[in-house]
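K.L.:
After the structure tokens below, expect a handful of questions from me.
The values are calculated or read from the model by the stated rules, or taken from the named source; none is laboratory data. Since the structure is predicted, the reported quantities are computational estimates derived from the model, not experimental observations. Every residue, glycine as well, gets a Cβ built from its backbone with ideal geometry; the counts of neighbours run over all protein chains shown. To get the accessible areas, we keep the full protein, side chains included, count just its heavy atoms, and leave off ligands, DNA and RNA. Shrake-Rupley method; radii C 1.70, N 1.55, O 1.52, S 1.80 Å.
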Amino acid sequence: MSELDNRWSLPAGTSRASAGRRLRTVSLKRLKVRENMLAYAFLAPSLLLFGVFMFYPLLRSVYLSLYSTDPAGRVASFVGLQNFTALFSSGLFLDGIRVTALFALLTVPAGMLLALVLAALTHNLLRGKRLFQFAFSLPMVLSVGSAAVIWKFLFHPSLGMLNSGLELAGLVPVPWLTNPKWALLSVSLMTVWMNLGFNYIVISSGMQGIPDDMYESAKIDGAGPVAMFRQITIPLLSPTLFFVLVVSIISAFQSFGQINILTQGGPMDSTNVFVYSIYREAFVNFRFGTGSAQALLLFVVIMLLTLVQFKWVERKVHYQ
């Protein structure tokens, strides 16, 4: 046998088929490693941003929640869980959660119901449909700061358009932002309007995904608009409504900008939602330990609420 034949000869007991399978296995493993490296290379910028702006602040909050800080905000001494016990003993945590839960009850159902009604009214509209869709989606393009400044002028006790309209109607002007009975309701009104654009776009898109054949079959069977909306639209729209519900509750518990601009947590802490309490505790009073403890408790509350919704509320969702 020549030297060339010896070079390419197979080991004893090895067939050409098994050698080919072994080569294909090695090639597939190398290809998989290359694909994984390429995937991680594409994910690297996102992971870097998440690490800098999410994971590191979370770990830093855990660290600061176990320490006390001096008036300059510097870490002073290790206190363990005293920051958490102080929150519960002072009632700061319970008061913040109470106001935030009431704020969520005022904004989430009203915002979803209003968006659902508007989406249903414009779904089968023939003339001016694009104009109404544009008008109802317009609040989405405004930032929280811009929207809050606009509504602050509307809520002005003497120059605001809302009280001017009430006076023209012969009604008594309302102290929108200066009375504890009206302040949270006023901020909730502005929040419902501000979130209307997002809720309307999502719910309207969900309605457009429902096949028209189902409505035509229901019409043939003699079903009216109310029956079709209750028996067809709501069940098939339930995944979209569930998504809007989860996002709206999380957004309500994280609301800050409109509170900071309109009321600064007042009057008499009637609008002191949990996030604004964290801001005031950490960046106004420079008690970063207590503020970090509040932030971690808020994270736990939002996580539990989300898990509860996925555990029980999702059972009512009808996926196609």
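K.L.:
Considering the dipole of the chain built from charges on the beta carbon (Lys and Arg +1, Asp and Glu -1) around the Cα centre, which of Gln294, Leu189, Phe274 is farthest to its positive end?
P.N.:
In the chain, that residue is Gln294.
K.L.:
Taking 22 Å as R0, compute the FRET efficiency from the Cβ-Cβ separation of Thr178 and Leu142 and round it to 0.05.
P.N.:
E between Thr178 and Leu142, to the nearest 0.05, is 0.35.
K.L.:
Do any trypsin sites (Lys or Arg not before Pro) in the range 148-250 lie in a DSSP loop with no more than 13 other beta carbon atoms within 10 Å, and if so, which?
P.N.:
Passing sites in the range 148-250 do not exist.
K.L.:
Something else now. Using only the alpha-carbon atoms, what does the range 170-320 span along each of its principal axes? Please give whole angstrom values in decreasing order.
P.N.:
66, 48, 21
K.L.:
Which is farthest toward the positive dipole end of the chain among Ile150, Leu58, Ile250, measuring Cα position about the Cα centre, with Cβ charges +1 (Lys, Arg) and -1 (Asp, Glu)?
P.N.:
Going by the Cα projections, it comes out as Leu58.
K.L.:
Take Ser146, Ser255 and sort them by solvent-accessible surface of the protein heavy atoms, 1.4 Å probe, largest at the top.
P.N.:
Ranking Ser146, Ser255 by accessible area, largest first, yields Ser146, Ser255.
K.L.:
Quick check: pseudo-label points 7 Å beyond the Cα along Cα→Cβ at Lys32 and Leu102, how many nm apart are they?
P.N.:
For Lys32 paired with Leu102, the spin-label model returns 5.8 nm.
K.L.:
Return the FRET efficiency for the residue pair His123, Val246: r is the Cβ-Cβ distance, R0 is 25 Å, and the value is rounded to the nearest 0.05.
P.N.:
Approximately 0.60, to the nearest 0.05.
K.L.:
Another one. Would you please give the residues with an amide H less than 5 Å from that of Ala76, counting only those at least 5 places away or on a separate chain, with H modeled from the backbone geometry?
P.N.:
It is Ser68, Thr69, Asp70, by chain and number.
K.L.:
Mind pulling the angle between the C-alpha long axis of helix 16-50 and the longest principal axis of the chain? Nearest 10 degrees, somewhere in 0 to 90.
P.N.:
Once rounded, one gets 20 degrees.
K.L.:
Also, I was wondering about something else. Mind telling me which of Leu142, Leu131, Leu38 comes out most flexible in a GNM of the chain, alpha-carbon contacts under 10 Å?
P.N.:
Looking only at Leu142, Leu131, Leu38, the largest GNM fluctuation is found for Leu38.
K.L.:
For the range 135-227, take N as its residue count and report Rg(C-alpha) divided by 2.2 N^0.38 Å.
P.N.:
That works out to 1.60 for the range 135-227.
K.L.:
Something else now. I'm spelling it out carefully: the read-out is log10 I(q)/I(0) by the Debye sum over Cα atoms at q = 0.07, 0.08, 0.13, 0.14 Å⁻¹, the candidates are [x] -0.48, -0.58, -1.12, -1.21; [y] -0.45, -0.54, -1.06, -1.14; [z] -0.30, -0.40, -1.05, -1.20, and one was derived from this structure. Which label?
P.N.:
Step by step, log10 I(q)/I(0) by the Debye sum over Cα atoms at q = 0.07, 0.08, 0.13, 0.14 Å⁻¹ for this structure corresponds to label [x].
K.L.:
Then there's this: Can you work out D for the range 215-287 in µm² s⁻¹ from Stokes-Einstein, where Rh is the Kirkwood radius over C-alpha pairs, the temperature is 37 °C and the viscosity is 0.692 mPa s?
P.N.:
Translational diffusion coefficient: 209 µm²/s.
K.L.:
Relative to the first principal axis of the alpha-carbon coordinates of the chain, what is the inclination of helix 144-154, with its axis defined by its Cα atoms, in degrees from 0 to 90 and to the nearest 10?
P.N.:
It works out to around 10 degrees.
K.L.:
About its Cα centre, how strong a charge dipole does the range 87-316 have in debye, to the nearest 20, once Lys and Arg get +1 and Asp and Glu get -1 at the Cβ?
P.N.:
That gives the range 87-316 a dipole magnitude of about 60 debye.
K.L.:
Please compute the alpha carbon radius of gyration of the range 56-205, then divide it by the globular-protein estimate 2.2 N^0.38 Å. Two decimals is fine.
P.N.:
1.46
K.L.:
Among Arg21, Arg98, Arg280, which one moves the most in a GNM of the chain with springs linking Cα atoms closer than 10 Å?
P.N.:
Of the options given, Arg21 has the highest mean-square fluctuation.
K.L.:
While we're on this one: Could you look at the chain and say what percent of its accessible area is carbon and sulfur, using a 1.4 Å probe and all protein chains?
P.N.:
Looking at the chain in its full context, I get 68 percent from C and S.
K.L.:
Out of Ser27, Ser251, Ser292, any idea which swings most in a Gaussian network model of the chain, alpha carbons joined below 10 Å?
P.N.:
Looking only at Ser27, Ser251, Ser292, the largest GNM fluctuation is found for Ser27.
K.L.:
Using a Förster distance of 35 angstrom, determine the FRET efficiency expected from the C-beta separation of Arg24 and Thr306, and round it to 0.05.
P.N.:
For R0 = 35 Å, the calculated efficiency reads 0.20.
K.L.:
In deg cm²/dmol, rounded to 500, what helix-only [θ] at 222 nm does the chain give when every DSSP H run of at least 4 residues adds -39500 (n - 2.57) and the total is split over its residues?
P.N.:
-22000 deg cm²/dmol
K.L.:
Also: Suppose all protein chains stay in the model; what accessible area per residue would a 1.4 Å probe give for the range 114-273, in Å²?
P.N.:
Accessible area per residue: 54 Å².
K.L.:
Roughly how many debye, to the nearest 20, is the charge dipole of the range 114-243 about its Cα centre, given +1 on each Lys and Arg Cβ, -1 on each Asp and Glu Cβ, and no other charges?
P.N.:
280
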